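What follows is a short report on a single structure.
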Amino acid sequence: MNRASSFTPRAADWLVALVQGRAESGRRRPRRPAGAGFESLETRAVPAALPLAVAAPATAATSREAVAPLAFVAAPVTVRAAVVAVPATPTVGLAVESNSGSKADARTNVVAPFVAGRATPGTVVNVTVTGVAGFPAATARAVTPVRVPASGLWSVRLPTLAAGDHVVTARVVAASGKQSAAATASFVVDTTRPAATLSFVPNTDTVTLRVSKPVAGVALQSFRISGTTADGVQFTDLPLTDSRIAQTTGVGSVSLARSADGLTYTLKTQFALATPGTYTLRLLPAGIVDDVGNPLAAEARLTVNVV
């Protein structure tokens, strides 16, 4: 066996080599040819500290799988401004109990009438009216606001009004503060009592009754007659239809007709006022009223001499 090829360094040989290397460390040593022997660890420059680990930047080349960045896409958000509805327009007009006379003519003799209408429950109705007594006729005065009950029917009493034309206005105010369009109604306060006059042309059988404004309630029973005939027969306060009139003045009949405008009545007395004598005819005011309920101001009286 070749001895050189089976050489195995012993521990003692390593020790000798290390000692020799230390002794020669201070001397310049010639450059060793490449591959000759081995180099002492002491001759190599060693950094003071080595990093424990160097983190290589993660790239697509160093990563097994490229990870796309997370992207958050916000869904579109629609912001709607709160829309506050305008409350419905109320209705307004004279209350039934305050609309005297005909219910369709918007005329009344009530000087402090109620007005009423419909509106959304829970809202507040603000009312104004023109023609309040003591103020210029065109000035609108506010009335105490009224809250609409669950039924939707509201009413409020107006202050004392002057006679004449009036305009009432109502607006609804919701809890949001929104105000409705205005509702208006016109009406007339009429407190003028009608007047009546009687006229007669002697030696005729016709009496004419004229009234200052249309009235209702005029009938034959509204007339009374008193008098004394030329031959001394007396009668007092008898209806024109009383049989004693016919017996006294002659057989006949009476009738009453009204003109189209309601301002004139024609009374046919036949023989009742045809017999010579002195007579007084009266129109009693009881039950006679104009179209808003104002009663006749006073009885009408006529005295005639028939010759």
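The values are calculated or read from the model by the stated rules, or taken from the named source; none is laboratory data. Quantities reported herein were computed from a predicted structural model and do not represent experimental measurements. Here the Cβ positions follow ideal geometry from the backbone for every residue, glycine too, while neighbour counts run over all protein chains shown.
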- Within the range 254-266, considering residues that are modelled with pLDDT under 90 and surrounded by 14 or more Cβ atoms within 10 Å (Cβ to Cβ), the one farthest from the chain's Cα centre (by Cα): 254
- Message: Given the criterion over 18 Å from the mean Cα position of the chain (by Cα), at pLDDT 90 or above, within 30 Å of residue 282 (Cα to Cα) and surrounded by fewer than 20 Cβ atoms within 10 Å (Cβ to Cβ), identify the matching residue among 137, 195.
- Response: 195
- From the set of residues in the range 267-283 that are farther than 18 Å from residue 210 by Cβ, surrounded by 18 or more Cβ atoms within 10 Å (Cβ to Cβ) and modelled with pLDDT of 80 or more, which is farthest from the chain's Cα centre (by Cα)? 277
- Query: Here are 208, 123: which of them is among the polar types (S, T, N, Q), touching a residue at least 24 places away in the same chain (Cβ under 8 Å) and over 30 Å from residue 299 (Cβ atoms)?
  - Reply: 123
- Item | Cross-chain or 6+ apart pairs with Cβ under 6 Å, the range 233-253 first and assigned by TED's automatic domain parsing to the domain that holds residue 219 and surrounded by 14 or more Cβ atoms within 10 Å (Cβ to Cβ), then aromatic (Phe, Trp, Tyr) and at pLDDT 75 or above | 240/223
- Query: residue 171 is checked against (1) part of a strand (DSSP E or B); (2) under 16 Å from residue 303 (Cα atoms) and fails just one. What number does that condition carry?
  - Reply: (2)
